[in-house]
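What follows is a set of notes on a single structure, which appears directly below.
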Amino acid sequence: MKPLNLIALLLFLAGVTWALTRSEPIVREIQVAYFKAISPTLSAGSALETKTRKLLEETRHSKELEARLSVAERETGRLRIIESRFQTIERENAQLRHALDFKKSTNFDVVAAQVIRRHPTTWWQTLEIDAGQDNGVGIQLSVMSNEGLVGIIDRPFQKRSSVLLVTDEKCQVSVRVEGSPEVGILSGQRGEFDKNPTLRLRFLSKDAALRPGQRVFTTGRGGIFQPNILVGTILSVEKGALDSEALVKPAVNLSNLDTVFVVLSENN
Amino acid sequence: MFRYNLSTVFLLLAAFLVQQFMPAFTGLSNARILLVHLVFLCTAVTVATPTMLAMAFIGGLFWDAHCSLAPITMDPEVYTQPVESLPFGYSIVLFAAIGFLMQGLNPLFRQGKWQFSALLTGVAIFLYLGAEFVLISFVRGDFVISRSIIRLMSYTSLLTMLFSPLVFWILYRIARLFDHSLYPEANRGRRR
């Protein structure tokens with residue numbers, strides 16, 4: 001053994017003996033000194049550890065919140081769909097009640113029908129309803145809603161029918177103006193694709209004393225439309241050299257039609 | 001060489017500080033990485049015996065200062081036999097023992113074959129823990145070894161061993177910094 005190693009070993013054994021023979025108070029003093037020496041690092045390390053743990057906790061918490069938000073969003077979406085279904089059903093219920101009331105109160109023998117199809121290119125010209133020949137619907141029967149005249153049956157099929165709307169140029173109705181002796185022919189106007197198309201009332205007398213807001217009813221002439229069905233209200237009057245014309249706003253909101261009635265015959 | 005030896009002592013002291021924040025691996029039977037022991041073992045193979053003994057003394061002394069508990073004074077009428085514990089300073093002997101074990105591989109390490117030393121760190125840690133367990137069983141008079149104790153010792157040894165290449169790399173960098181060669185015989189062979 002090298003002398004240096006021997007000396008080191010002897011010193012080491014002396015150190016071991018010293019350590020093993022320390023009394024309890026000395027051991028505590030050594031421990032106190034040890035922990036005092038490393039305490040700054042322990043404090044700094046503990047602070048760092050606390051911060052890290054807090055950060056991790058926050059991250060975990062934010063992830064939890066994110067998951068909860070996602071669940072809540074899905075639930076909200078689901079409830080919105082349910083709510084919109086309820087609203088649709090509620091609206092439909094109100095319309096049906098309204099239609100039922102109308103059917104009870106009207107003088108006509110009518111068949112209720114739902115609008116089943118409307119093509120965007122012929123929006124103001126035609127629509128299809130779910131009542132046809134099976135329901136007693138025939139050609140050229142007038143179609144009404146609870147607000148007034150809608151149009152006329154153009155092509156009846158077995159289970160559905162096509163309705164020509166009053167806003168179509170081909171649909172001509174003999175009408176009278178409320179509170180005046182004026183009568184004329186009402187029809188749709190070509191090229192009217194606005195949100196609320198107007199009707200043109202022709203063949204009024206040259207000096208027709210009409211004012212905006214006067215209501216227009218069917219006369220019943222021609223044998224197609226029953227008399228006294230509300231068609232619309234006067235918007236403006238245009239006086240000509242030989243006769244006068246008026247623009248009429250349809251009584252029925254034709255842009256949003258759900259339930260209509262086909263007049264089969266007059267009860268009385 | 002002196003500067004390298006001194007820096008390894010500082011590295012051992014730094015390992016004590018880092019050890020405070022080493023967590024237990026709950027998934028592996030609460031095994032821990034014994035960084036102090038690892039640094040000591042890796043250093044022991046790179047230094048001469050006197051330095052190794054000095055480090056064993058410092059390491060063992062501080063380890064006991066860190067771990068040993070104050071005697072619990074309980075009612076002697078109830079607790080007639082107080083729980084015995086190992087005496088302060090016993091770790092110095094265990095550190096020296098595993099240090100000598102590591103120095104047995106010094107010739108291989110000097111040839112640049114550090115892998116054997118890395119493997120031996122695991123064995124040395126296992127032996128250290130085993131010896132500690134035997135000693136404490138001896139002083140308490142009841143030798144009970146369970147599967148969980150074996151598992152804890154094995155996982156701790158394995159985990160600690162896995163970090164030995166990192167410690168060897170740090171030692172290698174320190175040695176290069178102070179113009180000291182850890183593998184003198186390997187370098188001599190290359191020169192030839």
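A few points about this structure:
- Unique residue being under 30 Å from B:Glu84 (Cα atoms) and either modelled with pLDDT of 90 or more or touching a strand residue (DSSP E or B) at 6+ places or on another chain (Cβ under 7 Å) (or both) when the list is A:Ala14, A:Ala37, A:Ala72, A:Ala33: A:Ala14
- Scan segment B:100-151 for residues that are within 25 Å of B:Thr43 (Cβ to Cβ) and not aromatic (Phe, Trp, Tyr) and the total you get is 28.
The rows are residues; the columns are (1) in contact (Cβ under 8 Å) with a residue 40 or more places away in the chain; (2) touching a Lys or Arg at 6+ places or on another chain (Cβ under 6 Å).
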residue: A:Ser162; (1), (2): no, yes
residue: A:Val166; (1), (2): yes, no
residue: A:Gln189; (1), (2): no, yes
residue: A:Arg202; (1), (2): yes, no
residue: A:Ala209; (1), (2): no, no
residue: A:Gly240; (1), (2): no, no
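- Taken over segment B:142-156, the criterion of being more than 13 Å from B:Ile125 (Cα to Cα) and in contact (Cβ under 8 Å) with a residue 24 or more places away in the chain is satisfied by B:Ser148, B:Arg151.
- Of the residues A:Val111, A:Val115, the single one that is touching a helix residue (DSSP H, G or I) at 6+ places or on another chain (Cβ under 7 Å), of a type in the set (A, V, I, L, M) and closer than 30 Å to A:Leu264 by Cβ is A:Val111.
- When segment A:94-122 is filtered for residues that are surrounded by 11 or more Cβ atoms within 10 Å (Cβ to Cβ), assigned to a helix (DSSP H, G or I) and polar (S, T, N, Q), the ones remaining, listed by number, are A:Gln95, A:Thr122.
- Candidates in segment B:130-158 are the residues that are among the aromatic types (Phe, Trp, Tyr) and in a helix (DSSP H, G or I); of these, the one that is nearest to B:Asn30 (Cα to Cα) is B:Tyr155.
- Of the residues making up segment A:82-95, at least one is over 19 Å from B:Gly89 (Cα atoms) and in contact (Cβ under 8 Å) with a residue 24 or more places away in the chain.
- Within segment A:1-59, the set of residues being acidic (Asp, Glu) and either more than 7 Å from chain B (Cβ to nearest Cβ) or under 24 Å from B:Gly59 (Cα atoms) (or both) comprises A:Glu24, A:Glu29, A:Glu57, A:Glu58.
- Segment B:8-36, subset under 21 Å from B:Met52 (Cβ atoms) and aromatic (Phe, Trp, Tyr), residue farthest from the other protein chains (Cβ to nearest Cβ): B:Phe10
- Only one of the numbered conditions (1) surrounded by 15 or more Cβ atoms within 10 Å (Cβ to Cβ); (2) modelled with pLDDT under 90 is not met by B:Phe168, and that is (2).
- Subset tally (residues that are under 20 Å from the mean Cα position of the chain (by Cα) and at pLDDT 80 or above) for segment A:97-122: 5
- When A:Arg221, A:Arg215, A:Arg202 are checked against the criterion of being under 34 Å from the mean Cα position of the chain (by Cα) and farther than 30 Å from A:Arg117 by Cβ, A:Arg215 stands alone in meeting it.
The values are calculated or read from the model by the stated rules, or taken from the named source; none is laboratory data. Quick caveat, the model's predicted, so the values are computed rather than measured. Note: ideal-geometry Cβ built from the backbone for every residue, glycine included; neighbour counts use all protein chains shown.
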